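S.K.: Before we start, here is the structure in question, set down as structure tokens.
The values are calculated or read from the model by the stated rules, or taken from the named source; none is laboratory data. Note that the structure is a prediction, hence the values are computed from the model and not measured. Note that we place each Cβ from the backbone using ideal geometry, even for glycine, and neighbour counts take in every protein chain shown. To get the accessible areas, we keep the full protein, side chains included, count just its heavy atoms, and leave off ligands, DNA and RNA. Shrake-Rupley method; radii C 1.70, N 1.55, O 1.52, S 1.80 Å.
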Amino acid sequence: MSHYLGLDASTQSLTAIVINTATGEIAVNATVNFGADLPRYGAPNGFVPNDDPLVRLSDPLMWVDALELLLQRVSARGYDWGQVRGISGSGQQHGSVYLNAGYRQTDWEPARCLSEQVRPLLSRRLAPIWMDSSTSEEGREIAAAAGGEEVVSRISGSRPIERFTGPQIRRFYRTDPEGYAKTARIHLVSSFMAYLLCGRDVPIDYGDGAGMNLMDLATGTWHEKLLAATAPELAGKLPPPAPSTTQAGTIGPYFAAKYGFRPETPVIVFSGDNPNSLVGMGGIEPGNAVISLGTSDTYFAPMSQPRTDPNGYGHVFGNPAGGFMCLIAFKNGSLAREEIKRRYHLTWDAFAEAVLERSAPGNGGRSMLYYYVPEITPRILKPVVQFLGPESDAATAPRAIVESQAVSMKLHSAWIGETPERILVTGGASQNPAIRQVLADVFQADILPLAVSNSAGLGAAFRAANAVGNVPWEELFEAFSQPDSSQAARPDPATRDIYAALQDRFAEALKPHLD
Ligand code: XUL
């Protein structure tokens, strides 16, 4: 028996991935989509539609039903859950679930559906998720009470951010003080799922706990000043933080009896989707970084020291394999690349050809500010699109945006103090060889495309295998998340100085637009 289960509770779906470490095969890969499979919750995109565009709430009972439906479906296909040796999981980060004092009574009856039995335990009917941005005022209040945004950032790894759990908790306390008073436990999405599986109180892991604006990165404990700045008596309502390798418990009697798990199956604490993805992509050791090129682009990388971004754009979370990781989000990712493609009537092939064959590194001094929508990194509230240097055309504009985006990533990840030698790239645009080559030259690192789908679920399964079965990380990466070396882009050392100069020019051009 060498089966390990990773569960991924994401915004729109719940996925189960079982890896078989003896054969190197994926034994189960199944998903429940909240919109399509649980239409009775009226949440086609995973959250309940709200008149206020800043508010994004989800029903925790939908996640409970999804868990049961997923386990049933896989059983119905003939899979025996009794084969699973260890379990861990992943959750969309920052979202929070509020339980009353009844949360300790977990003698749930297998004959009844679980959501019915969890419903009376909720002290807040709906859970705010990471897409909620209604808490700007609470963030300002927390910063003021704690001694400033920089103080919160230095302690917790991020300045107060709307979607982070601390500001969300404060908003609940302010808008529904009675509901807050009745709350005895606040869980993240990740720890709530682990609580259900174990049928007992479970910790919050360092990886996801760092996304709350409440944890002291240096000590791995809740920080008294931040707790006090957030809401009264908060310490007693939070489970303790714990390293990501901690065993939360064993599978609870409800799931053992109903789905056939062995009662002694260990459950390792769940973590956030970004920390799990770092593991699933095999990027846990310093010297690696991951760039995900999607609608937005993200840069995440392990860090040996708990440094924080002096500008307050990036975040620091726990690396589930030990130490820390950064997460830096760039909103103008594919969105901006597509604007250039559209403006010059290019296909993606023609876009790549322009970069690789019709222009050269440095682009004759052409670059651009490409902020079609307000940007997170760097913070730019007023969109600005501006070509810099000699005029750009269909031959040079693709390189202008790709180089500018790469240089911005390098510039805004410098604070982490690690130089990646190997960058794993994923997401739609990572298929584009021109983008891979520019990244290789700008970062002077090897760029390796990864074909892993659902890296968060896979990472959770890896964490279960590593913690329960002592399977070495390298063995897991080798078997399940090997990058495609035949598609690697290698850096050309001759471009180093060209891009160092471009980075300086780009930083200068940004200055008047920063908020
Ligand atoms: C990270 C963030 C998202 C969520 C959902 O800070 O808000 O990546 O974790 O995926």
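S.K.: Can you work out which of the residues in the range 420-431 that are at pLDDT 95 or above and not β-branched (Val, Ile, Thr) is surrounded by the fewest Cβ atoms within 10 Å (Cβ to Cβ)?
M.R.: So, considering only residues that are at pLDDT 95 or above and not β-branched (Val, Ile, Thr), the one surrounded by the fewest Cβ atoms within 10 Å (Cβ to Cβ) is 421.
S.K.: Just give me the residues in the range 310-323 being surrounded by fewer than 23 Cβ atoms within 10 Å (Cβ to Cβ) and within 17 Å of residue 207 (Cα to Cα), in sequence order.
M.R.: 321, 322, 323
S.K.: Given the structure, is residue 118 touching a strand residue (DSSP E or B) at 6+ places or on another chain (Cβ under 9 Å), among the β-branched types (Val, Ile, Thr), surrounded by 18 or more Cβ atoms within 10 Å (Cβ to Cβ) and not in a strand (DSSP E or B)? I'd like the intermediate steps shown before the answer.
M.R.: Working: touching a strand residue (DSSP E or B) at 6+ places or on another chain (Cβ under 9 Å): yes; among the β-branched types (Val, Ile, Thr): yes; surrounded by 18 or more Cβ atoms within 10 Å (Cβ to Cβ): yes; not in a strand (DSSP E or B): yes.
Answer is yes for this residue.
S.K.: Name the residues in the range 307-335 that are touching a helix residue (DSSP H, G or I) at 6+ places or on another chain (Cβ under 8 Å), within 22 Å of residue 406 (Cβ to Cβ) and among the aliphatic types (A, V, I, L, M), would you?
M.R.: 325, 327, 328
S.K.: Does residue 417 count as surrounded by fewer than 21 Cβ atoms within 10 Å (Cβ to Cβ) and closer than 30 Å to residue 163 by Cβ?
M.R.: yes
S.K.: When residues of the range 137-159 are filtered for being touching a helix residue (DSSP H, G or I) at 6+ places or on another chain (Cβ under 6 Å), more than 18 Å from residue 306 (Cβ to Cβ) and assigned to a loop (DSSP other than H, G, I, E, B), how many remain?
M.R.: Counting residues in the range 137-159 that are touching a helix residue (DSSP H, G or I) at 6+ places or on another chain (Cβ under 6 Å), more than 18 Å from residue 306 (Cβ to Cβ) and assigned to a loop (DSSP other than H, G, I, E, B) gives 0.
S.K.: Hey, among the residues in the range 246-301 that are closer than 19 Å to residue 408 by Cα and of a type outside the set (A, V, I, L, M, F, W, C), which one's farthest from the ligand (Cβ to nearest atom)? So that I can check it myself, show each step before the final result.
M.R.: Kept after step one, since they are closer than 19 Å to residue 408 by Cα, are these residues of the range 246-301: 288-301.
Within this subset, residues satisfying the condition of being of a type outside the set (A, V, I, L, M, F, W, C) are 288, 292, 294-299.
Numbers: 288: 19, 292: 10, 294: 11, 295: 12, 296: 9, 297: 12, 298: 7, 299: 12 Å.
So the residue we want is 288.
S.K.: What is the one condition in (1) more than 16 Å from the ligand (Cβ to nearest atom); (2) open to solvent by 70 Å² or more (accessible area, probe 1.4 Å); (3) in contact (Cβ under 8 Å) with a residue 24 or more places away in the chain; (4) assigned to a loop (DSSP other than H, G, I, E, B) that residue 171 does not satisfy?
M.R.: Looking at each condition in turn, residue 171 falls short on (4).
S.K.: Another question, if that's okay. Could you grab me the full set of residues in the range 451-475 that are of a type in the set (A, V, I, L, M) and over 15 Å from residue 90 (Cβ atoms)? So that I can check it myself, show each step before the final result.
M.R.: In the first step, residues of the range 451-475 are kept if they are of a type in the set (A, V, I, L, M); the result is 451-452, 456, 458, 460-461, 464-465, 467-468, 471.
The answer is 451, 468, 471.
S.K.: Going by the structure shown, is residue 466 of a type in the set (S, T, N, Q) and under 19 Å from residue 245 (Cβ atoms)?
M.R.: Numbers: of a type in the set (S, T, N, Q): yes; under 19 Å from residue 245 (Cβ atoms): yes.
For residue 466, the condition - of a type in the set (S, T, N, Q) and under 19 Å from residue 245 (Cβ atoms) - is met.
S.K.: Which residues, taken from the range 94-106, are of a type in the set (Gly, Ala, Ser) and within 16 Å of the ligand (Cβ to nearest atom)?
M.R.: In the first step, residues of the range 94-106 are kept if they are of a type in the set (Gly, Ala, Ser); the result is 95-96, 101-102.
95, 96 - these are the residues of the range 94-106 that are of a type in the set (Gly, Ala, Ser) and within 16 Å of the ligand (Cβ to nearest atom).
S.K.: Please verify whether residue 46 is within 16 Å of the ligand (Cβ to nearest atom) and surrounded by 14 or more Cβ atoms within 10 Å (Cβ to Cβ), treating the condition exactly as stated. Reasoning before the result, please.
M.R.: Values: within 16 Å of the ligand (Cβ to nearest atom): yes; surrounded by 14 or more Cβ atoms within 10 Å (Cβ to Cβ): yes.
In short, yes.
S.K.: Okay, next question. Which of the residues spanning the range 133-148 are modelled with pLDDT of 95 or more and within 15 Å of the ligand (Cβ to nearest atom)? Spell out how you get there, then give the answer.
M.R.: First pass over the range 133-148, keeping only residues modelled with pLDDT of 95 or more: 134-148.
Those that are modelled with pLDDT of 95 or more and within 15 Å of the ligand (Cβ to nearest atom): 134, 135, 139.
S.K.: A further question follows. Residues of the range 468-506 being touching a Leu at 6+ places or on another chain (Cβ under 6 Å) and over 30 Å from residue 4 (Cα atoms), which ones?
M.R.: Hits for the range 468-506 are 488, 503.
S.K.: Could you list, in sequence order, the residues of the range 12-42 that are surrounded by 19 or more Cβ atoms within 10 Å (Cβ to Cβ), touching a Phe, Trp or Tyr at 6+ places or on another chain (Cβ under 8 Å) and not in a strand (DSSP E or B)?
M.R.: Once the filter is applied, which keeps residues that are surrounded by 19 or more Cβ atoms within 10 Å (Cβ to Cβ), touching a Phe, Trp or Tyr at 6+ places or on another chain (Cβ under 8 Å) and not in a strand (DSSP E or B), the range 12-42 yields 21, 34, 41.
S.K.: Right, next: Any residue that is within 16 Å of the ligand (Cβ to nearest atom) and crowded, with 19+ Cβ neighbours inside 10 Å - is there at least one of those in the range 228-244? Spell out how you get there, then give the answer.
M.R.: Initial filter on the range 228-244 (within 16 Å of the ligand (Cβ to nearest atom)): 244.
Of the ones still in play, those that are also crowded, with 19+ Cβ neighbours inside 10 Å are 244.
Yes, the range 228-244 contains a residue that is within 16 Å of the ligand (Cβ to nearest atom) and crowded, with 19+ Cβ neighbours inside 10 Å.
S.K.: Can you work out which of the residues in the range 302-316 that are farther than 20 Å from residue 445 by Cα and among the polar types (S, T, N, Q) is farthest from the ligand (Cβ to nearest atom)?
M.R.: Of the residues in the range 302-316, the ones farther than 20 Å from residue 445 by Cα are 305-316.
Those still in the list that are among the polar types (S, T, N, Q) too: 305, 308, 311.
Numbers: 305: 20, 308: 15, 311: 16 Å.
Only one residue fits best here, namely 305.
S.K.: Here is a list of conditions, (1) assigned to a helix (DSSP H, G or I); (2) touching a residue at least 24 places away in the same chain (Cβ under 8 Å), and residue 88 meets all of them except one; can you say which number that is?
M.R.: Only one criterion in (1) assigned to a helix (DSSP H, G or I); (2) touching a residue at least 24 places away in the same chain (Cβ under 8 Å) is unmet by residue 88, namely (1).
S.K.: Could you please find all residues in the range 121-136 being open to solvent by 10 Å² or more (accessible area, probe 1.4 Å), within 21 Å of residue 227 (Cβ to Cβ) and outside any loop (DSSP other than H, G, I, E, B)?
M.R.: 136
S.K.: Out of the residues in the range 174-195 that are out of contact with any Gly (no Cβ under 8 Å at 6 or more places or on another chain) and surrounded by 20 or more Cβ atoms within 10 Å (Cβ to Cβ), which is farthest from residue 122 (Cα to Cα)?
M.R.: Checking each candidate, the answer is 195.
S.K.: Which pairs turn up if I take residues in the range 279-307 that are on the phi > 0 side of the Ramachandran plot and look for partners that are open to solvent by less than 10 Å² (accessible area, probe 1.4 Å) with beta carbon separation below 6 Å, at least 6 apart in sequence or on another chain?
M.R.: So the pair list comes out as 282/481.
S.K.: State which residue is nearest to the ligand (Cβ to nearest atom) when the search covers only the range 69-93 and only residues that are within 28 Å of the chain's Cα centre (by Cα) and open to solvent by 10 Å² or more (accessible area, probe 1.4 Å). Even if it seems obvious, please write down each step before you answer.
M.R.: From the range 69-93, those within 28 Å of the chain's Cα centre (by Cα) are 69-74, 81, 84-93; that's our starting set.
Now drop any that are not open to solvent by 10 Å² or more (accessible area, probe 1.4 Å), which leaves 69, 72-73, 85.
Working: 69: 21, 72: 26, 73: 23, 85: 28 Å.
By that ranking, first place goes to 69.
S.K.: Can you list the helices (runs of 4 or more DSSP H) lying wholly within the range 420-515 that have 3 or more residues being within 22 Å of the chain's Cα centre (by Cα)?
M.R.: Details: elements: 433-443, 455-469, 473-480, 496-510.
Hits in the range 420-515: 455-469, 473-480.
S.K.: Turning to a different aspect of this structure: Looking at this structure, is residue 151 open to solvent by less than 10 Å² (accessible area, probe 1.4 Å) and modelled with pLDDT of 95 or more?
M.R.: Values: open to solvent by less than 10 Å² (accessible area, probe 1.4 Å): no; modelled with pLDDT of 95 or more: yes.
So residue 151 does not fit the description; no.
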